[in-house]
1. Against the conditions (1) touching a residue at least 60 places away in the same chain (Cβ under 8 Å); (2) closer than 23 Å to residue 175 by Cβ, where does residue 103 fall short? Just the number, please.
2. Can you tell me which residues in region 62-87 are among the hydrophobic types (A, V, I, L, M, F, W, C) and closer than 22 Å to residue 160 by Cβ?
3. With among the small types (Gly, Ala, Ser), more than 17 Å from the chain's Cα centre (by Cα) and outside the structural domain of residue 187 (by TED's automatic domain parsing) as the only criterion, which of 68, 107, 112 stands out?
4. Can you find, within region 118-160, the residue that is surrounded by the most Cβ atoms within 10 Å (Cβ to Cβ) among those that are polar (S, T, N, Q) and modelled with pLDDT of 90 or more?
5. Looking at (1) farther than 14 Å from residue 149 by Cβ; (2) in contact with a helix residue (DSSP H, G or I) (Cβ under 7 Å, 6 or more places away or on another chain); (3) assigned to a helix (DSSP H, G or I), which one does residue 105 not meet, given that it meets all the others?
6. Go through region 59-107 and count every residue that is of a type in the set (Lys, Arg) and under 22 Å from residue 152 (Cβ atoms).
7. Could you check, for region 161-170, whether at least one of its residues is of a type in the set (A, V, I, L, M, F, W, C), farther than 14 Å from residue 142 by Cβ, under 17 Å from the mean Cα position of the chain (by Cα) and surrounded by fewer than 19 Cβ atoms within 10 Å (Cβ to Cβ)?
8. Out of all the residues in region 57-96, which are more than 17 Å from residue 115 (Cβ to Cβ) and touching a residue at least 40 places away in the same chain (Cβ under 8 Å)?
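The values are calculated or read from the model by the stated rules, or taken from the named source; none is laboratory data. Predicted model, so just to flag it, every value in this text is computed and none were measured. Positions of Cβ are backbone-derived with ideal geometry, glycine not excepted, and every protein chain shown enters the neighbour counts.
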Amino acid sequence: MSDLARFQARFARALLDPEDDGAGLGLGPALAVYRNNVAAAGVEALAAAFPTVRQMVGEDWFDAAALAFLRERPPEDPRLSAYGGDFPDWLAAFPPARDLPYLAPVARLDRAWLEAHLAAGPQSPPAALRPPADLSAHRGTLHPTLRLFRFSTSVPSLWLAHRFPADTPGDLAFVAADEPLAIWRPQHEVRARKLDPQAYAFLAACRDGRSLAAARAAALAAGPPGPALALAETLSAEGLLIGFTPLDPRP
């Protein structure tokens with residue numbers, strides 16, 4: 001390792017360890033300035049990426065958690081816009097969050113929102129779709145920004161209530177509930193909405209590479225036949241389903 005590489009590694013360790021006095025670096029009081037700048041940038045990036053979490057727990061709690069995360073798992077990419085991919089899993093094991101079981105799932109939805117915002121969209125704008133005649137020989141193509149979830153609790157309702165408070169009536173509680181959710185960016189803005197069981201079953205089958213016939217059967221099993229038969233057109237109109245792809249006929 002060159003002298004420069006050794007200095008850089010030593011400097012990086014000192015930046016993230018408040019107990020490190022920076023001996024041998026020759027920086028003196030400047031180390032504290034660098035350290036504060038790095039901490040502020042990391043915490044700010046996490047606050048931007050997880051706004052719902054921050055809103056739920058408050059600024060002081062969030063900033064303390066973000067700083068602890070930053071010290072344990074510093075950024076590996078200089079582009080901080082995507083930093084914090086493992087923050088939800090870290091938060092699930094964070095002792096002060098033990099009494100907040102909804103917090104890590106909410107963080108996953110915040111992360112999904114960011115991923116949908118940053119993800120590449122389709123190469124060409126989706127057009128109106130008509131299902132092919134042979135449903136068993138085709139599968140549905142989902143919007144590339146789509147993030148699909150199904151929770152056994154009211155986490156989606158809580159998350160949406162904090163993201164869109166004007167659209168949420170009354171107070172909400174963290175309770176057992178079957179709540180599918182879609183997050184995607186059909187054009188320039190990210191959208192999110194809860195799904196009914198049929199829409200989720202159809203989209204999940206498409207996501208798993210199953211045929212349109214299998215996707216429709218899954219939707220029929222999840223609810224009444226009328227809505228299930230029109231799901232492809234409905235989901236296409238919302239930009240969730242953007243095309244149909246022939247299945248490989250080989251076994």
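1. Every listed condition holds for residue 103 apart from (1).
2. The answer is 62, 87.
3. One residue alone meets the criteria, 68.
4. The first filter runs over region 118-160 and keeps only residues polar (S, T, N, Q), leaving 123-124, 136, 141, 145, 152-154, 157.
Pick out the ones that are also modelled with pLDDT of 90 or more and you get 136, 141, 145, 152-154, 157.
Values: 136: 12, 141: 15, 145: 22, 152: 9, 153: 16, 154: 19, 157: 19.
So, considering only residues that are polar (S, T, N, Q) and modelled with pLDDT of 90 or more, the one surrounded by the most Cβ atoms within 10 Å (Cβ to Cβ) is 145.
5. (1)
6. Summing the residues that are of a type in the set (Lys, Arg) and under 22 Å from residue 152 (Cβ atoms) in region 59-107 gives 1.
7. Initial filter on region 161-170 (of a type in the set (A, V, I, L, M, F, W, C)): 161, 164, 166.
The next check asks that each one be farther than 14 Å from residue 142 by Cβ; those that pass are 161, 164, 166.
When the remaining residues are screened for being under 17 Å from the mean Cα position of the chain (by Cα), the result is 161, 164.
If we keep only those that are surrounded by fewer than 19 Cβ atoms within 10 Å (Cβ to Cβ) as well, we get 161, 164.
Within region 161-170, one or more residues are of a type in the set (A, V, I, L, M, F, W, C), farther than 14 Å from residue 142 by Cβ, under 17 Å from the mean Cα position of the chain (by Cα) and surrounded by fewer than 19 Cβ atoms within 10 Å (Cβ to Cβ).
8. 57, 70, 71, 74
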